[in-house]
Structure formats: structure tokens, C-alpha cells
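Remarks on the structure that follows.
The values are calculated or read from the model by the stated rules, or taken from the named source; none is laboratory data. Given the structure is predicted, the values throughout are model-derived calculations rather than measurements. All Cβ positions, glycine included, derive from the backbone under ideal geometry; neighbour counts span all protein chains shown.
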Amino acid sequence: MRLTRGRAGSTVGLLLGAAVLAQAHTLEPLPAGVSADLLKEAKSAAQADSVDSARGHEGRAAAIYFGHFAGMLKGPLAAEFDANGRKRRPPPDPVNSCLSMAYAMLTHECVAALRLARLEPSVGGLHASRPGRPALALDLMEPFRPLIADSVAIACFNRGELTEGHFFRSAAGCLLTDSGSRSFFNALGRRMNT
């Protein structure tokens with residue numbers, strides 16, 4: 001299946017990028033076998049005979065990756081993220097809030113690139129197409145998530161560019177304040193220009 005094979009290449013890129021990011025930023029050594037588990041899921045995705053099978057392998061890889069994500073963060077926010085895990089709607093903590101914002105901005109960049117190439121962002125391969133969802137942009141951004149979005153979030157927290165004071169917590173979730181948004185956009189802009 002051509003679609004699955006093409007998507008598998010992106011999945012391998014995502015998983016290898018995640019492993020490199022984990023090795024470069026980790027504050028705690030990764031437990032033995034984590035990199036091997038990520039590579040196993042990449043190989044399985046590459047050999048998947050259906051889109052659903054590839055999605056399953058990518059989902060398992062994401063669970064492995066985010067299960068060890070807190071080890072790349074300094075300070076008390078790492079423990080909070082570890083307790084919450086990756087949650088998007090609403091983001092319950094500053095790390096999830098920053099990741100959600102980073103993924104939204106990366107999606108926007110991919111939509112713009114697809115439109116410049118005169119491609120329709122809503123017709124995707126791995127991500128299901130439905131009204132209002134830029135499925136092809138979501139497919140396109142996958143290999144860049146760990147290398148751009150995740151690395152910016154990790155760097156912002158570990159360098160102290162984003163702290164608890166840059167977020168507002170409410171029943172609706174945890175959101176960036178105006179000064180937090182400025183700090184985040186500055187860091188993302190620097191990363192996008194490299």
C-alpha cells in the first residue's frame with residue numbers, strides 16, 4: 001500500500017527524531033530498551049499493511065515517547081507533566097499548554113507551505129480527513145514535531161524562558177499569559193529561523 005509506505009518513512013523520521021531529542025536533552029538516562037522499543041515501532045509501521053495498523057504503531061510510539069518526556073525537563077513542572085501525561089483539551093499544566101501551542105503553530109506553518117505549493121491541506125493520508133481539519137498538514141508536520149515543537153518547549157522550560165508565572169490556570173485549563181506568549185513566540189521564531 002503506497003500511502004502506508006510513504007507515511008512509514010515519516011513515522012521513522014518522527015521516531016528517530018524523538019530518540020535523538022531524548023538523548024540530547026535528557027536529564028535522566030533513558031531506561032534500557034526505550035530506543036529499541038521506538039525503533040521496533042518504526043519498523044512495524046514501515047511494514048504495516050494498512051493505515052489503521054500504521055496508526056496503531058505510531059500511537060504506541062507516541063505513548064513510549066511521552067512516557068519518558070518528563071525526564072527531559074528540569075524542575076517541578078516535570079513531575080506535574082509526568083503525573084498528567086500528554087493531554088491536549090484542555091491542557092492541564094504548563095508543559096501540555098506549551099506543546100499544544102507549539103503544535104498549533106507548526107500546523108499553521110505546514111498549512112501555509114501546502115497552500116504555497118497549491119496542495120489541499122484537508123486531504124490527508126494518515127490523519128483522517130474531515131471538515132475543518134488540515135489532515136495533510138498534520139501528516140506533513142509529524143517528522144518536525146520532536147525536532148521543532150518539542151525541542152522549543154523543552155528549551156523554554158529548561159532555560160527558564162517560561163516559568164509557572166507565564167501561565168494562567170483555570171477550570172478551562174492552563175493557558176499562556178500575554179508575557180508567556182511573547183516569550184514562547186520569540187523562542188519559536190528563533191528555532192524556525194535556524
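For the range 146-160, the count of residues that are more than 18 Å from Glu80 (Cα to Cα) and of a type in the set (Asp, Glu) is zero. Take the residues in the range 181-194 that are touching a Cys at 6+ places or on another chain (Cβ under 9 Å) and either among the hydroxyl-bearing types (Ser, Thr, Tyr) or within 18 Å of Arg88 (Cα to Cα) (or both), then tell me which one is surrounded by the most Cβ atoms within 10 Å (Cβ to Cβ). Top of the filtered list is Phe184.
For Leu38, state whether it is crowded, with 17+ Cβ neighbours inside 10 Å, at pLDDT below 85, hydrophobic (A, V, I, L, M, F, W, C) and closer than 22 Å to His127 by Cβ. So Leu38 fits the description; yes. Of the helices (runs of 4 or more DSSP H) that lie entirely inside the range 119-194, those containing 2 or more residues that are of a type outside the set (A, V, I, L, M) and touching a strand residue (DSSP E or B) at 6+ places or on another chain (Cβ under 8 Å) span 178-192. Among the residues of the range 41-88, those identified as modelled with pLDDT under 85 and of a type in the set (Lys, Arg) are Lys43, Arg55, Lys74. Residues that are part of a helix (DSSP H, G or I), touching a Phe, Trp or Tyr at 6+ places or on another chain (Cβ under 9 Å) and of a type outside the set (Phe, Trp, Tyr) were ranked within the range 78-98; the one that is surrounded by the fewest Cβ atoms within 10 Å (Cβ to Cβ) is Asp82.
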